[in-house]
4 protein chains.
Amino acid sequence: MSGAAKAFRAGIVGGTGYTGVELLRLLVNHPVVEVARITSRSEAGTAVADMFPSLRGHLDLEFTVPDVAQLSECDVVFFATPHNVAMRMMPELMAAGVRVVDLSADFRLRDADLWSRWYGEPHIAPELLAQAVYGLPEINREKIKDAQLVACPGCYPTAVQLGFLPLLEDSLIDPMQLIANAASGASGGGRQAKIPMLLAEAGDNFNAYGASGHRHLPEIEQGLADIANDPVAVTFVPHLLPMIRGIHATLYAPLRDSTLSLADIQALFEERYANEPFVDVMPAGSHPQTRYVKGANYCRIALHRPLDRDVIVVLSVIDNLVKGASGQAVQNMNIMLGLPERAGLEGAALLP
Amino acid sequence: MSGAAKAFRAGIVGGTGYTGVELLRLLVNHPVVEVARITSRSEAGTAVADMFPSLRGHLDLEFTVPDVAQLSECDVVFFATPHNVAMRMMPELMAAGVRVVDLSADFRLRDADLWSRWYGEPHIAPELLAQAVYGLPEINREKIKDAQLVACPGCYPTAVQLGFLPLLEDSLIDPMQLIANAASGASGGGRQAKIPMLLAEAGDNFNAYGASGHRHLPEIEQGLADIANDPVAVTFVPHLLPMIRGIHATLYAPLRDSTLSLADIQALFEERYANEPFVDVMPAGSHPQTRYVKGANYCRIALHRPLDRDVIVVLSVIDNLVKGASGQAVQNMNIMLGLPERAGLEGAALLP
Amino acid sequence: MSGAAKAFRAGIVGGTGYTGVELLRLLVNHPVVEVARITSRSEAGTAVADMFPSLRGHLDLEFTVPDVAQLSECDVVFFATPHNVAMRMMPELMAAGVRVVDLSADFRLRDADLWSRWYGEPHIAPELLAQAVYGLPEINREKIKDAQLVACPGCYPTAVQLGFLPLLEDSLIDPMQLIANAASGASGGGRQAKIPMLLAEAGDNFNAYGASGHRHLPEIEQGLADIANDPVAVTFVPHLLPMIRGIHATLYAPLRDSTLSLADIQALFEERYANEPFVDVMPAGSHPQTRYVKGANYCRIALHRPLDRDVIVVLSVIDNLVKGASGQAVQNMNIMLGLPERAGLEGAALLP
Amino acid sequence: MSGAAKAFRAGIVGGTGYTGVELLRLLVNHPVVEVARITSRSEAGTAVADMFPSLRGHLDLEFTVPDVAQLSECDVVFFATPHNVAMRMMPELMAAGVRVVDLSADFRLRDADLWSRWYGEPHIAPELLAQAVYGLPEINREKIKDAQLVACPGCYPTAVQLGFLPLLEDSLIDPMQLIANAASGASGGGRQAKIPMLLAEAGDNFNAYGASGHRHLPEIEQGLADIANDPVAVTFVPHLLPMIRGIHATLYAPLRDSTLSLADIQALFEERYANEPFVDVMPAGSHPQTRYVKGANYCRIALHRPLDRDVIVVLSVIDNLVKGASGQAVQNMNIMLGLPERAGLEGAALLP
C-alpha cells in the first residue's frame, strides 16, 4: 500500500466474484496501474479486504455502487460480472469514451442470434458487437491495441484455441472432426451458492457436464473457424475437477497428411509461438500439469502422436482464473495502454 | 469376526497393495467365502489389521510367505500383485488344480509377443495364455463358470469396453476412429513410494500421462476387436485425478448411420444390459459421477449425442478398485463357484 | 431390491440431507429393517434414486410429504432434519406411540432455556425433554432399550465424550481444564447452498470456526458432567477440513495423579470398552486416522502422554455421518428393537 | 529472464526440494538479488526448469555439484537441505566469510546435546551454534542485520511463537500450561518418496502424528522461554492436512489475570505487531484461513476468549513454505543485505 500514485487508473465492475478478486491480486502489484474503483451493488460500503482478507495490507478500497460517471474517470474498466450485465452498461460507457475489457460472455460472439440461442435471452446491445475485438492476443494483438471494447475469451475457449491454432492455420487437420475433452477446477463455476458446487458434493468426485452442448462451444467454433478460414465442427465435453484452479484440455484431431512427423509439427508450434510471452510449447511427448501454471498467465502446450498413428493429441493447460480470465484481461489492458505485455504478470506458478 | 466357518476358503497372494486390502474389505463380509490365507514376503508375520487398521475387528490373520502347497488348500486364489508375479507361480498352481483369479496384467493379452512389447520383458508362461479366460462377465460369463484361470480386466479397459460394447456389437460406429479419454484416481497407481504420486505433487493437480501409448491400450483394442469382430483403433489418453478412487471414461465415436436417434441407441444399451447386475444405464443426457459408484461394484453409463451431430459420446464410471479390480474379481469368483453373483457385493456407493 | 418383506418398517423424515442419504445407504442392506417411507416437502414425488443415483438398484421409493398418520405405521421413525423440525412433529408422534430416533439437536439438551440461548429461539416441546434418552449407547444402553424417544448425539460430542469418558469416570483428570480441539469434514455442514462451503472456498483450506462458542459445547459439557458427576469446563474449538467425511478430536487434560503410567490408563480404556462393539482402543502411541473409520460405525481411540509430562492426550476419530450421526442412529434403533447391535453396521471402512 | 544483472548473487544448496523450488519462485522476481548457483548432487547437469516446469521462462540455470569455492562467490547462500547437511559444509563456508541462511534444523537449537537427543546423531559443528542467530525477525531483527549465519525457524515454531509472543512478553498467561495444536499441509513432509505421504494415503484423510513428542517441540520451547524469560512447557500435537500448503496453529493458554478483557489483549497484539510488515492481527473473533496466506509471507493471527472464561485461544496461520520457510529466509536475507524487508515478498495470497 505504498502511497505513490500510479500512472493509470482501473475500475472493476462486479468485484465480488473470483475473476474480480483475481484481478485485484494481479493489479495490486502492477507497476503503473492502480485499482481506483471497484463496484458491487450488494457489498457497497464493505472494505474489499474485509471480504477477501488475502488482500489485507495490499488494498485500501471499498466497494461502491456502479456509476457510469465515476467509471468514466478510469483509464480502463473491467467487467468481472456474469453475462447480461456488461451489455446493459456498455452503450453508455462506450459513448463516454471509456476503454473496456469485458471478462463476461456478452461480446464474445459476433452473432446476436447465436448468443440468444445459447444464453436464452435477447442480446441488448447488438449494435456494439461489431466494435468488440476478441481478446486473444495470440491472434488479435494488433486489433486489441486500438480497440475500445475487448471481449476476453472464455476459459475453455482459450485453452482449446491455443492448442488447435497452429494445426488449423496450416490446415494440417480435418476441421470437421475435432474433439476437445476438457476439465476445469471448481472456481470456473463462480462464487455462487449452488449445492452441486459444495465441497461435500464436488470434492472427491469427477464428472462431465454439458456433454450435450455447452455455452463455450459456439465461441470455440467461431474462433477456430476464423483461424481455419473454414467451417469447423468440434465435439466439446467439459468436466469438473475436484480442485479449485486449472483447466486441462486434451485435443484430438485426425492428421490430413500422414507423412508429417511429430517433429515437424513440434517445430511448427515452436515457431508459431516463439514470440508469444505467455504460450510455452513444451518438448513433444511432455505432459503439462495444471500446477505448472497455477496462479500464472501461461498456456503450456505439448504434442503427442500416439503409436505414430494419424491422430494428433494436443495437451493444453492454463489457470482458468489467470490466462483463462483475469490474467488475460490484464494482458489485454497492457496491450491497449501500450505497456509491456508482461507488466503485472511476471509471477511464476505456485508449485507445489 | 464371528466364529462360524464359511463354506469356501480364499487365498490372496500379495495382500499389501490397494487391490489386496480392497479384496479383504469385500470378503470379510462375504456370506460364504472366508479369507484363509494372505501372503506377503516383506510383511510375513505382521497382522493384517496392524497394517490396515480399517480392518481391526474384522479380520484376525497374519501375512505369510507365499507357499503353493498352502495356497492349494484354498478353493480360489487371487493374485493382487504387480505384473510379472502371477505368471511365475501359475504353472505350479494350475498343475495343483487350484482355481485362480488374477488381478494383474499377466494373462490379459492372448499374444505373448504383444505382452512383451508393452511390458518390456518376456512372458514366462505363454503356454497358459490360451487357458486364461478374460474376466469381463458381461461378455464371458459362460466361459468364466468353467475357467480354472480368470484374468481380471484392467481398470480403464473395464470402463472403456463396457461403454463401447453395445455400439460395437451392433456395428453402429466406425471402429477405426474411437477415442477413449479417461481419468483415474490415484489409487490406480498402486501403493508404492513414488514422488509423482505424493499428495504434495498429485493433489490439487491434473494431467494426462502415457498419452503416446499406455499399457492398457492393447488390452482395450483386443477386447473391442473381439466384440466388434473387426479390427479397431482407439486413441486412448489416461489422466490422473487429484482424488483417490474412481475412473471416468469419456468415449467418442463417429456414428455410421445418422438416422439412428439417441433414443434408439439408449434403448439398445438398456436392452443389452437389462440383466447385468452391475451395469447401470442411466437416462440419456445424464452425467454419471464417480461418487455414484465409490466403493460399489457398478459401472454406470450415460449417452449423449451433442447438438444431434453424428458423434456419440458415452460416459462411463467405475470405482477402479471395485468394478475395476477387486469387486470384479469377487464377481468372477462368485461365477466360478456357482454363487449368487451379487454375494459380498451388495454395498451401495458411499455418497457423499 | 429383493422382494422379500422385512420384519420392521422404518420411516425417515427429511431425507434429502446427508444424514438422510447415509441412513438409506445403511438401511438398504439391513437384514430385518426396511425403509418404508421417506419424506421431503420440497421433493415430494421425486424418486429417491433420481436425487441420489448412488442408490440406483437399491431402493425403489419416492419422497412423500411428511404425514403423522403414515409415519405412525412405521416401527421406528428417524428425524434427519435441521433443528427446529423434529420438536414440531414430536408431540403428535409421541402421542401416537411411535418410537423415534432424532438425529437433530432438538432433544439433546435437557434444559430448554439452555437450548434457547444457543439456538436463538424458544423450545417448542419442553415437556418432552425429560422423556428423551441421550443416545450414546456406551453410556445409556439400558435406557435406550426402553426409550420411546432417543436423541442422537451430535458428531463432535460423540468423538469428544468417548475420548474423555474413562478418564472422567475414574476422576483421573481435572474436569475444569479440558481442551477439545476437533476438526470435521465438510459434510458436517449439511447439504445446503452456502458460499463458504463451496469447493472453491473450503477446498485446499483449513480454519477454525465458532472458536468463541459453538452449539455443540453445551451438549459436550452436559454429557461430560453426567459422566464425571461434577461440573466440567471444556474449551472446544472446531475446525473445517478440506475433505468430506471424518471427525478427529485431539483432547488434552491435566492428569491428577502423576504416578499413573500411560500403560495404566491404556488398560483402563481397554477394560472400559472391552464389550463395546463400536469403540476400538488402539495401542498406546497410535495415531488413528479418519480414513480408518470412513463409512464405518467405529470410534477409534489412542492415548499419548507427551514426554511423560502430566498431560494426557486422547486422539479420537469417527465418521461424522456414521458413528457421528446415521450409524449411531441405526445402532440406537437396533437396541430399541432388540436386534443385534451390529445389524446393518457390519461394513469395514473404505481404505484407501 | 531479462538480461540486466542484479546487484546481489545468491546460491542455493539443495535445490530439488520444496523449500528450494519455493526460494526460486520468490527470487526470480526479486528486484536486486539473482540466483547465481543452485546445487544438487543427484541432479547435477539437469536444467532446473526441466525438473520444475513451473519455472520455464523464468530461470536459465542448471543444478551443479555443491562446491564451497563457487558458493563463496555468492553474497548469500541458502541451505534448503534436510538436517545434517548444512552443518557439514558450514565450517568451511563460515571460514570463507560467506553469509548463510540455513533453512534446515541444524542451527536452530543452541544446545548441541538437546539437538542430538531429538535428531539421533551427534552435532558436527557445535562450535558454530553460538554464532547462529535465530531468524525470527519479529524477535531478532537487529541481530540478524549483522549475523553471518541465520538459522531459519521451523514452520510450526514460526506459527506458534508469533501466536504466543505478546502474551508471554507481558506475562499474561501461565507459561507451564501451554497447548499448541497445529496442522500442516503435506508439503511440510518434503519431496521424498514415502508411502504415508502418497495422495492415496494422505489425501481425504486427517490424523495427528508425533503426538508423544515432535522435533519442533524443543525449538518451540527454547524460543518461548527466551520470550518469557522463564521456563515454559508446551504440549504440542501436529496433524497432517489433506492439502499441500498451509499451517494452522490453535493455541490455548490459561489467562493469569481474569480482569483483562479480550479487547485489552487485542490492543496489545496490535501494538506489538504494528510495525511488522508480515504479521497481521485480524479483528478479535476472526477465524484466519490458511488460504488467506497461500503463497504469501504473512502470519495472520486472531484472538478468542471463549464464553469469556479464562482461557485465551490464539489462531495463527502461515504458508509453511513461505513465512514458514523460504519466504522467511528471503526476509532474513533482505535484512542481512540491508534491503527493504518486503523486497521480493510483495505478492498477495492466491485466493481462491
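The values are calculated or read from the model by the stated rules, or taken from the named source; none is laboratory data. Computed from a prediction, not measured in an experiment: that's the story for all the values here. All Cβ positions, even for glycine, are placed from backbone atoms using ideal geometry, and neighbour counts span all protein chains on display. All accessible areas refer to the heavy atoms of the entire protein, side chains included, with ligands and DNA or RNA removed. Shrake-Rupley method; radii C 1.70, N 1.55, O 1.52, S 1.80 Å.
From the residues D:Leu168, D:Pro231, D:Tyr292, which one has its Cα farthest along the dipole of segment D:155-320 in the positive direction, the dipole being from +1 and -1 charges on Cβ of Lys/Arg and Asp/Glu about the Cα centre?
It is D:Tyr292.
Using a 1.4 angstrom probe on heavy atoms only, work out the carbon and sulfur share of the accessible area of segment A:152-230 in %. Mind showing how you got there, number by number?
Values: 910 of 1990 Å².
Percent of accessible area from carbon and sulfur atoms in segment A:152-230: 46.
Based on the alpha-carbon gyration tensor of segment D:128-236, what equivalent-ellipsoid semi-axes (square roots of 5 times the eigenvalues) come out, in whole Å, largest first? Walk me through the numbers on the way to the answer.
Working: eigenvalues 158, 77, 24 Å².
Its equivalent ellipsoid spans semi-axes of 28, 20, 11 Å.
Towards the positive end of the charge dipole of chain C, with charges on Cβ (+1 Lys, Arg; -1 Asp, Glu), say which of C:Val330, C:Ser54, C:Pro82 has the farthest Cα.
Farthest towards the positive end: C:Ser54.
Helix A:262-272 versus the longest principal axis of chain A: what is the Cα-based angle in degrees, 0 to 90, to the nearest 10?
The angle comes out near 30 degrees.
Over the whole of A:173-186, what's the average partner chain Cβ count within 10 Å per residue? Rounded to a whole number, please. The partial results should precede the final answer.
On the way: counts 0, 0, 0, 1, 4, 0, 7, 0, 10, 1, 7, 1, 8, 6.
So the per-residue partner count for this stretch is 3.
Residue farthest toward the positive end of the dipole of segment B:61-117, with Cβ of Lys/Arg at +1 and Asp/Glu at -1: which of B:Ala95, B:Phe107, B:Pro66?
B:Phe107
Please check: in the Gaussian network model of chain B (C-alpha springs, under 10 Å), which one of B:Val28, B:Val150, B:Val101 has the largest mean-square fluctuation.
B:Val28
For the Cα atoms of chain B, what angle does the longest principal axis make with the long axis of helix B:18-27, in degrees from 0 to 90, nearest 10?
80 degrees
With the convex hull built on the Cα atoms of chain B, state its orientation-averaged projected area in nm². Don't jump to the answer; show the numbers that get you there.
Values: hull surface 69.7 nm².
Taking a quarter of the hull surface, the average projection is 17.4 nm².
Most mobile of A:Tyr209, A:Tyr18, A:Tyr292 per a Gaussian network model of chain A (Cα springs, under 10 Å)?
Highest fluctuation of the listed residues: A:Tyr209.
Taking beta carbons within 10 Å but only from partner chains, what does the mean come to for residues C:49-60?
On the way: counts 0, 3, 0, 5, 15, 14, 4, 8, 9, 5, 1, 0.
Mean partner shielding for this stretch: 5.
Rounded, prolate or oblate: which fits segment C:104-178, taking a ≥ b ≥ c as square roots of the Cα gyration tensor eigenvalues, rounded meaning a/c under 1.5, else prolate when a/b beats b/c?
oblate
Counting only helical runs of four or more DSSP H residues, what would the 222 nm mean residue ellipticity of chain C come to if each run contributes -39,500 (n - 2.57) and the total is spread over all its residues? Numbers along the way, then the final one.
Numbers: 11 runs with 99 residues, N = 352.
That comes out to -8000 deg cm²/dmol.
Among chain D residues, which Cβ is nearest the axis of the D-onto-C rotation, and at how many Å?
Residue nearest the D-to-C axis, with distance in whole Å: D:Asn181, 2.
Mind grabbing the base-10 log of I(q)/I(0) for segment D:155-320 at q = 0.09, 0.14 Å⁻¹? Debye formula, identical points on the C-alpha positions, no solvent, two decimal places.
For segment D:155-320, the Cα-only Debye profile gives -0.29, -0.70.
Determine the shape class of segment B:40-172: with a ≥ b ≥ c the square roots of the Cα gyration tensor eigenvalues, call it rounded for a/c under 1.5, and otherwise prolate if a/b is greater than b/c, oblate otherwise.
On the way: a/c = 1.89, a/b = 1.51, b/c = 1.25.
The shape class here is prolate.
Using DSSP to call loops (not H, G, I, E or B), can you name the trypsin sites (Lys or Arg not before Pro) in segment D:33-116 whose Cβ has at most 16 other Cβ atoms within 10 angstrom? Mind showing how you got there, number by number?
Details: sites: D:Arg37, D:Arg41, D:Arg56, D:Arg88, D:Arg99, D:Arg108, D:Arg110; in loops: D:Arg41, D:Arg56, D:Arg99, D:Arg108, D:Arg110.
Taking segment D:33-116 and a limit of 16 other Cβ atoms within 10 Å, the loop trypsin sites (Lys or Arg not before Pro) found are D:Arg41, D:Arg110.
Where does segment C:19-116 land on Rg(C-alpha)/(2.2 N^0.38 Å)? Don't jump to the answer; show the numbers that get you there.
Numbers: Rg = 14.3 Å, N = 98, 2.2 N^0.38 = 12.6 Å.
This ratio for segment C:19-116 stands at 1.14.
Tell me, rounded to the nearest percent, the portion of alpha carbon pairs in the protein assembly as shown spaced more than 55 Å apart. Mind dumping the intermediate values first?
On the way: 223092 of 990528 pairs.
Tail fraction, whole percent: 23.
Give the lysines reachable from B:Lys145 as a straight Cα distance under 24 Å; neighbours fewer than 8 places away on the same chain don't count.
Once the sequence-local lysines are set aside, what remains near B:Lys145 is B:Lys6, B:Lys323.
Considering the Cα trace of segment C:229-352, what is its radius of gyration and what is Dmax, both in angstroms?
15.9, 47
Within segment D:18-121, which GluC sites (Glu not before Pro) sit in a loop by DSSP and count at most 15 neighbouring Cβ atoms inside 10 Å?
Values: sites: D:Glu22, D:Glu34, D:Glu43, D:Glu62, D:Glu73, D:Glu92; in loops: D:Glu43, D:Glu73.
Counting only loop positions with at most 15 other Cβ atoms within 10 Å, the GluC sites (Glu not before Pro) in segment D:18-121 are D:Glu73.
Kindly give the distances from C:Gln148 to its copy-mates, label point to label point, with each label point 7 Å from Cα along Cα→Cβ, as nm values to one decimal ordered shortest first.
Reported distances to equivalent positions: 6.8, 7.7, 8.5 nm.
Can you compute the charge dipole magnitude of the protein assembly as shown about its Cα centre, using +1 on each Lys and Arg Cβ and -1 on each Asp and Glu Cβ, nothing else charged? Give it in debye, rounded to the nearest 20. Walk me through the numbers before you get to the answer.
Numbers: 108 positive and 156 negative charges, 0 e Å.
In total the dipole reaches around 0 debye.
Which value, in debye to the nearest 20, describes the size of the charge dipole of segment D:252-305 about its Cα centre when Lys and Arg Cβ atoms bear +1, Asp and Glu Cβ atoms bear -1, and nothing else is charged? Can you show the working numbers first?
Working: 6 positive and 6 negative charges, 61 e Å.
Here the size comes out at about 300 debye.
Taking only Cα atoms, what is the 0 to 90° angle, nearest 10, from helix C:216-228's long axis to the longest principal axis of chain C?
Roughly 60 degrees, rounded to the nearest 10.
Which shape class applies to segment D:191-265: rounded if a/c is under 1.5, otherwise prolate when a/b exceeds b/c and oblate if not, where a ≥ b ≥ c are the square roots of the Cα gyration tensor eigenvalues? Write out the running numbers ahead of the final one.
Details: a/c = 3.18, a/b = 1.95, b/c = 1.63.
Prolate is the answer for segment D:191-265, as a/c is 1.5 or above and a/b outweighs b/c.
For chain D, modelled as a Gaussian network with Cα springs under 10 Å, which listed residue fluctuates most, D:Gly154, D:Gly295, D:Gly97?
Highest fluctuation of the listed residues: D:Gly97.
What ranking of A:Ser326, C:Ser72 comes out by heavy-atom accessible area, probe 1.4 Å, highest first? Spell out each step's value before the answer.
Details: A:Ser326 0, C:Ser72 45 Å².
Result of the area sort, largest leading: C:Ser72, A:Ser326.
Distance between the C-alpha centers of segment D:284-352 and segment A:69-96? Whole Å please.
36 Å
Let me know the charge dipole size of segment C:8-131 about its Cα centre in debye, to the nearest 20, where only the beta-carbon of Lys, Arg (+1) and Asp, Glu (-1) is charged. Numbers along the way, then the final one.
Values: 10 positive and 16 negative charges, 42 e Å.
Magnitude of the dipole: close to 200 debye.
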